[in-house]
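To keep things clear, I will list the structure first and then write my remarks on it.
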Amino acid sequence: MGGVFGKGNSVKHNVAGSKLEAKMVEAMQQRALGGSTMKSFNNIILKFPKIDENLRKCKTTFEQFDEDSNGSIDREELKHCFHKLEIYLTEEEIKDLFEACDISENMGMKFNEFIVLLCLVYLLQKPAALHAKSHMGLPDLESTFETLVDAFVFLDKNKDGYVSKNEMVQAINETATGERSSGRIAMQRFEEMDWDKNGTVSFKEFLFAFTRWVGIDDVDDEDD
């Protein structure tokens, strides 16, 4: 999908994004208290195929709620989706999530944006809900979301809710000790994630980068 790493300039969009990001940081810091099961960046890479498989299964869910079959989900369709999945959010929360994840600002979420939004919803649910067997009714997808949260917790060494360049280097070095190319790989991965170029990576940025790494951006092209 083109324009995945574009930035919105409207004040309204930025305010909504800031509020949502603050909630994400708080939720991630709470989640980080439980630690990560990941031991190295290689652990994350080895999970790519399974993550890819489970995320692509979500395409059916996306198409189900794309009621007018135009290839994107608008805000009303998203409300119907949340109702069906028994996700209860306020109008303001839905608006903020939609504006934050509709990064192409075309008033409709493409498949990769929809996945990112659902993962953010998963993170932002109350901690008790995170440990429920399935609170969205999508157990495979929720398991994948937990893996993505776990991966971010592993990268976020100081548990401040963001991943810095130094933390990325540390994560790669833990995997590739003694390899001179490890620093270059870390920088490449970090640049792919830090699309607003502010020197830190939020969970939302991480998710969009991850969908690219596993090829989710290519799903629409494959279906054409």
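Bear in mind that the values in this text are calculations on the coordinates, not laboratory data. The model shown is predicted, which means the values in this text are computed figures rather than measured ones. Glycine gets a Cβ as well: all are built from the backbone with ideal geometry, and neighbour counts include every protein chain shown.
Assorted remarks:
- Remark on the stretch 11-214: ratio of C-alpha radius of gyration to 2.2 N^0.38 Å is 1.01.
- log10 of Debye I(q)/I(0), alpha-carbon scatterers only, for the stretch 56-108 at 0.13, 0.19, 0.20, 0.24 Å⁻¹: -0.30, -0.65, -0.72, -1.01
- Other residues lying with their Cβ under 13 Å from the Cβ of GLU53 contribute a combined charge of +3, Lys and Arg counting +1, Asp and Glu -1.
- Computing FRET efficiency as 1/(1 + (r/R0)^6) for ASN106 and LYS19, where r is the C-beta to C-beta distance and R0 is 22 Å, gives about 0.50.
- Summed residue charge, Cβ within 9 Å of THR147's Cβ, Lys/Arg positive, Asp/Glu negative: 0
- Too-long pairs where the Cα-Cα distance tops 22 Å, listed order kept, from LYS165/LYS204; LYS95/LYS159; LYS57/LYS157; LYS39/LYS197; LYS19/LYS204: LYS95/LYS159; LYS57/LYS157; LYS39/LYS197
- Peptides 186-195, 34-43 ordered by packing proxy, namely the average of other Cβ atoms within 10 Å per residue, highest first: 186-195, 34-43.
- Label positions at ASN158 and ASN43, each projected 7 Å from the Cα along the C-beta direction, are separated by 2.2 nm.
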